[in-house]
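Data first, discussion second: the structure below is written as structure tokens.
Please treat every number below as a calculation from the coordinates, not as lab data. Predicted model only: the values in this text are computed from it and were never measured. Glycine also receives a Cβ, built like all others from the backbone with ideal geometry; neighbour counts cover every protein chain displayed.
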Amino acid sequence: MNFPTLEQGMEVHSHVKQTSLKFDIFVVSTLIDMYAKWGSIEEARRLFDETRNKNELAWNSMIVGDAQQE
């Protein structure tokens, strides 16, 4: 999922936080990826750290995001 702007992605994230989707690891991983791609690595890291049941997708999103920042 690609968001044309960070603001649109943040709107989606706000909606996700108000629903049961906040527990969906695929949705969370997509949000981590989105924040990292838009250069908001701190927000990506915060979301990653808050995620309880991290899987390979979440880890991969965070690792790739970190690598893109260097």
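With the simple model of a label 7 Å out from the Cα in the direction of the Cβ, residue 7 to residue 55 spans 3.4 nm. Which option, [x] 53, 32, 15; [y] 34, 28, 18; [z] 88, 54, 11, is the value of Cα extents along the principal axes in Å that was calculated from these coordinates? Only one listed value fits the structure, namely [y]. Maximal additional length on extending the residue 64-residue 15 stretch stands at 15.2 nm, based on 0.36 nm per residue less the C-alpha distance. The listed peptides 22-32, 58-68, ordered by packing as a protection proxy, come out as 22-32, 58-68 (highest mean of other Cβ atoms within 10 Å first).
Our estimate of slack between residue 45 and residue 23, defined as 0.36 nm per intervening residue step minus the Cα-Cα distance, is 6.3 nm.
Contact order for segment 21-68, expressed relative to its length and based on alpha carbon pairs under 8 Å spaced 6+ residues apart, stands at 45 percent.
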